[in-house]
Amino acid sequence: MSKKLLFILLIAALGVFSAAGQSDEMGAFLVGEFEGPTIITDMGMTPSMFSESPMLSAMVEAGDLPPVEERLPAHPVVIQPVHEIGQYGGQWRRGYTGPGDVWNARRIAGNDNLLFMDYSLNEIKPWVFEGWAANDDFTEFTFNLREGHKWSDGTPFTADDILFWFEELFLNEEFLPAPSTFLSVNGEFATLTKIDDLTVQYSFSAPYPLFLKVMATPSSNIASHARRGWNGHGGYAPAHYIKQFHPDFADEADLNAILEEGGYSNWVDLVKSKNDWARNPDLPTLAPWRVKLAPAENPVYVLERNPYYFGVDTEGNQLPYIDSIVLTLAEDLEVLNLRAIAGEYDMQSRHIDLQKLPLYLENAERGNYSIRLDPADYGANVLLFFGQTYSADAEIAGWLQNIDFRRAVSMGVDGGQVNETFLLGLGEARSVVPTAANPYYPGEEYETLYTAFDAEAANQLLDDIGLSAKDGDGFRLRTDNGERLTLTLTTPGASFVPYPKIAEMVASQLQGIGLNVIPEQLERSLWQSRIDNGEIQLSLWDNGGTEDVFLHYNNTWLWARPNYTDWMRSGGAIGDEPPPAIKEAMEIWVSGPSLPPEERIEAGKRFWEIFAENVWQAGIVGSSPAVLGTRVVKDTMGNVPARQLANVLCMTPGCTLPETYFLKR
């Protein structure tokens, strides 16, 4: 009996719903209909009077803030909440796992995109930009800012903040030697012109029909300061604040003193640190919340409402409804999940363990919460990636770059067993390609290409490529010195799926094809650093965000970063030129955004064909709610949608506008 069936019987036994007729859907109470808030674009519906949180009213009365009417732009963003007008106040309680878990905050509290993609990823809406126009061939885009829009410190937000970022940071080769390709077409960067204080124009040398969608997608790297400023991107920056750390504007003696006092090696590191919304409480922001206590120095990570946030509800109440977000450090994922089971968090999907779903359901009434599942529609919740720029051991590097070796390893992993053991049977063994509903779906044959478990074929393939020699225990031997071929499978410790435990199972499965694989667990920020430096041989992760492969800024990061990605972004100026197959995939990814829709869809299909054929990432399990798709929602939390997208493009739960969530009194 599968764990999925056991699960359905369990919920039926708990009296949550009748098992009759439910098949594998888990019931509407767990997987509901997509829903979300509505952004009102009719200016005639803008409220004429505004209200604010009592927390801010007290500051106004004390003379510490101007009235709400003076803090809002002339035309604020107007949002109709998904269910009802909310109530002000309270703390949103969540858990986090340490200094490396800053995306915990960026996803829920960093809604400052230049344009906005609605909760279904189908409609582009005004956001920081109030309006836009494009010429007929999509080579020129003009955007209007909101009159009276202000940073969180009350300083006006103008076109100069966009120009400063573009000219002094993005195009500065010392600061960004490999800037994002999302602001270029066919290798040529845009020209950005300030028309006036509230108008900017982006001009491209060739058509860029995907540009508006790029500007509405926070994962694109060039359209969200709170989510992307940390790496030097973001699309804009508070010029009045960052200039004091930039050598072209700051006094040299003052800057040197700041560098020495902070222990920064250079101004580039300084600016990236100061421009990190998630870690710098002093950084002005346009997002609904700002950091009050940063995670590195405190066991409690605190975000507080931005008094100048530019969004209101349909009755004129300035958002967000919730005053603060308090993330409490959990020593490990087990502690975090036990706290969630006990009802100590108001709404959390990050780090919630799908394996503990029966426990969550059993304790839901006692903990005063409900469980909601958001199955993923991208390729793989669990994938095995092969480090293509690993070079420390020439023998191992050679095998990692060998297509037949990768195919054999992929066929030697039993995704079905992983699914049943760690994902309650709620996913399916499949490759990294997107699901059939995706426009870039390459076809049914690619769903299981080199992914279906076949130990016999895998063993034969390894024999054929020269790894037929084995020791007395049946492990394959290196071809350079005759010793046992040993690979390291490195996973992050604190993450959405129990990757360390899955790594142990994968290592055991690969013994069946004669490979000695040693699991290794690292703290997530150290794991990320090892990836950035090309030091990891094998690892496990997911490929969330690739629902639209041309919008996901780092869709290549797991197999190409840093050497090949730097080469791509810099036009060959830095990094290493990739092999032909990787180069073909990169060329499709770079040129795709400039193609007409029909051609772009065909290019996207070819992209995924290349991925499936070359197995730089071996899909293990996909289509499950394992990654950010298992939500614990307190009954007192209002305006939480029944179902949401669980992916990077959506910045789950960002596109459901957490600023409209509220705590019921």
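Within the range 253-271, the set of residues being without any contact (Cβ under 8 Å) to a residue 12 or more places away in the chain and open to solvent by less than 50 Å² (accessible area, probe 1.4 Å) comprises Leu259, Gly262. Filtered by the rule that a residue be farther than 22 Å from Arg478 by Cβ and of a type in the set (A, V, I, L, M), the range 504-530 gives Met505, Leu522, Leu526. Pairs are defined by a Cβ separation below 8 Å, a sequence spacing of at least 6 or placement on different chains, a first member in the range 54-82 that is touching a residue at least 12 places away in the same chain (Cβ under 8 Å) and on the phi < 0 side of the Ramachandran plot, and a second member that is acidic (Asp, Glu) and assigned to a loop (DSSP other than H, G, I, E, B); the pairs so defined are Met55/Asp323; Val68/Glu52; Pro73/Glu147; Ala74/Glu147; His75/Glu147; Val82/Glu35. Need at least 2 residues that are in contact (Cβ under 8 Å) with a residue 60 or more places away in the chain and open to solvent by 20 Å² or more (accessible area, probe 1.4 Å) per element, so show me which helices (runs of 4 or more DSSP H) inside the range 454-563 make the cut, counting only ones lying wholly within it. Where helices (runs of 4 or more DSSP H) fall fully within the range 454-563 and carry at least 2 residues being in contact (Cβ under 8 Å) with a residue 60 or more places away in the chain and open to solvent by 20 Å² or more (accessible area, probe 1.4 Å), they are 499-511, 524-532. Across the range 554-566, not a single residue is classified as under 14 Å from Thr389 (Cβ atoms) and at pLDDT 90 or above.
Just one of the listed residues (Gly592, Gly572) is part of a helix (DSSP H, G or I) and either among the small types (Gly, Ala, Ser) or under 21 Å from Trp103 (Cα atoms) (or both), namely Gly592.
Among the residues here, Leu461 does not qualify as in contact with a Pro (Cβ under 8 Å, 6 or more places away or on another chain) and at pLDDT 95 or above. Screening the range 397-434 for residues that are in a helix (DSSP H, G or I) and in contact with a strand residue (DSSP E or B) (Cβ under 6 Å, 6 or more places away or on another chain) and picking the one that is surrounded by the most Cβ atoms within 10 Å (Cβ to Cβ) gives Gly415. Of the residues making up the range 605-657, those that are hydroxyl-bearing (Ser, Thr, Tyr), farther than 17 Å from Asp353 by Cα and within 15 Å of the chain's Cα centre (by Cα) number 1. When the range 650-661 is limited to residues that are among the hydrophobic types (A, V, I, L, M, F, W, C) and either open to solvent by 10 Å² or more (accessible area, probe 1.4 Å) or out of contact with any Pro (no Cβ under 8 Å at 6 or more places or on another chain) (or both), the one that is nearest to Ile85 (Cα to Cα) turns out to be Cys655. Does Pro247 satisfy the condition of being of a type outside the set (D, E, K, R), under 26 Å from Asp323 (Cα atoms) and in a loop (DSSP other than H, G, I, E, B)? Here the answer is no, as Pro247 does not meet what is asked. Strands (runs of 3 or more DSSP E) fully within the range 33-137 that include at least 2 residues being open to solvent by 20 Å² or more (accessible area, probe 1.4 Å) and within 26 Å of Lys664 (Cα to Cα): 38-40, 91-96. Each residue in the range 342-371 was checked for being more than 15 Å from Trp92 (Cα to Cα), of a type in the set (Lys, Arg) and at pLDDT below 95, and 1 of them qualify.
Scanning the range 580-630 for residues that are touching a Ser or Thr at 6+ places or on another chain (Cβ under 9 Å), open to solvent by 20 Å² or more (accessible area, probe 1.4 Å) and polar (S, T, N, Q) yields one hit, Ser623. From the list Ala437, Ala392, Ala376, the lone residue that is surrounded by fewer than 24 Cβ atoms within 10 Å (Cβ to Cβ), at pLDDT below 95 and not in a helix (DSSP H, G or I) is Ala437. For the range 194-205, the criterion of being closer than 25 Å to Ser265 by Cβ and either in a loop (DSSP other than H, G, I, E, B) or in contact with a strand residue (DSSP E or B) (Cβ under 9 Å, 6 or more places away or on another chain) (or both) is met by none of the residues.
When Gln201 is tested against (1) open to solvent by less than 30 Å² (accessible area, probe 1.4 Å); (2) more than 19 Å from Asp548 (Cα to Cα), exactly one condition is not met: (1).
The values are calculated or read from the model by the stated rules, or taken from the named source; none is laboratory data. Keep in mind that what you see is a predicted model, and the values were worked out from it rather than measured. Don't worry about glycine lacking a Cβ; one is built from the backbone with ideal geometry, like all the others, and counts go over all protein chains shown. Only protein heavy atoms, including side chains, enter the accessible area calculation; ligands, DNA and RNA are left aside. Shrake-Rupley method; radii C 1.70, N 1.55, O 1.52, S 1.80 Å.
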